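Below is one structure, written out as structure tokens; comments come after it.
Throughout, read-outs are computed from the coordinates displayed, never taken from laboratory work. Note that the coordinates shown come from a computational prediction; the quantities given were computed from them, not determined experimentally. Positions of Cβ are generated from backbone atoms using ideal geometry, with glycine treated the same way; all protein chains shown enter the neighbour counts.
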Amino acid sequence: MLTLFIDTHTTYIRLGLVLDNQLLKEEKTTEKLDHSTICIPTLIKLMNESNKTVKDLTDIVVVNGPGSFTGERLGVTIAKTLAYTLQIPIRSITSIETCLSTINFKKPTYFSLSEKNGYFLALYNQNKELINDYFYLSKSEYNDFIQNNEVIKVEEYDILESVKFAHQKQPLNPHLVNPLYVKKIEVLK
């Protein structure tokens, strides 16, 4: 089983290939906010350096957000296109769930993911199931929120563990995989 992992929700692009529960290769760009011009070349580089082609893929895991509005759309679009044209399973995982895969907690806990003007948050139970919808707080609202709530900040994650977490979910019809938008884009405010 060869899984392509796609994450474009933040300022960098992170792609990985997982072969039979082993991380075969990972590519992480350092360029910021130029996803549309570097994502496909980075994917081609990943495949070439792994001596694989897209026809070797057996499934796809995509991080669908929350995060960068444009980044989310790009990653999800690439993943959906590949899954549909190759007729292979696709699963989505949120940017917060990427971290959940490696953290153990004993009671319902809030997880937060920072972005330039604030934080995305979600409450998960000890079985790593979402309790409430994702929501967004400005930096000042977040500082007030953490005074009364236990919050774990999502930072780095392990691609292999994220893929294992995603494989616990049912595959989706590619047409049903969508970006997870939590806050309104600046233009709509």
Ordered by number, the trypsin sites (Lys or Arg not before Pro) in the stretch 6-69 that occupy a DSSP loop and have at most 16 other Cβ atoms within 10 Å are K32
Output for the stretch 1-104: GluC sites (Glu not before Pro) sitting in coil per DSSP, at most 12 other Cβ within 10 Å, listed by number, reads E31
List, in order, the whole-Hz ³J(HN,Hα) value for each residue of the stretch 152-163 obtained from phi through the Karplus relation with A = 6.51, B = -1.76, C = 1.60 and θ = phi - 60°; use x for Gly and Pro.
-> 10, 7, 7, 10, 7, 8, 9, 4, 4, 5, 5, 5
For the stretch 107-177 versus the stretch 70-90, the gap between their alpha-carbon centres in whole angstrom | 22 Å
Got a sec to turn the phi values of the stretch 63-80 into Karplus ³J(HN,Hα) couplings, 6.51 cos²θ - 1.76 cosθ + 1.60 with θ = phi - 60°, whole Hz, x for Gly and Pro?
-> 7, 9, x, x, x, 4, 4, 6, x, 4, 4, 5, x, 5, 5, 4, 4, 5
Provide the FRET efficiency to the nearest 0.05 for the K164-K55 pair, computing r from the beta carbons and using R0 = 35 Å.
-> 0.90
Å³ per residue of the Cα convex hull, for the stretch 2-188?
-> 118 Å³
Identify the chymotrypsin sites (Phe, Trp or Tyr not before Pro) of the stretch 83-112 meeting these criteria: DSSP loop state and at most 14 other C-beta atoms within 10 Å of the C-beta.
-> F105
Within the stretch 132-176, the residues whose backbone N lies under 17 Å from a label point placed 7 Å from the Cα of N104 along the Cα-to-Cβ direction are 161, 165
What is the set of long-range amide H partners of T10 at a cut-off below 5 Å, with H atoms built 1.01 Å from backbone N?
-> S68
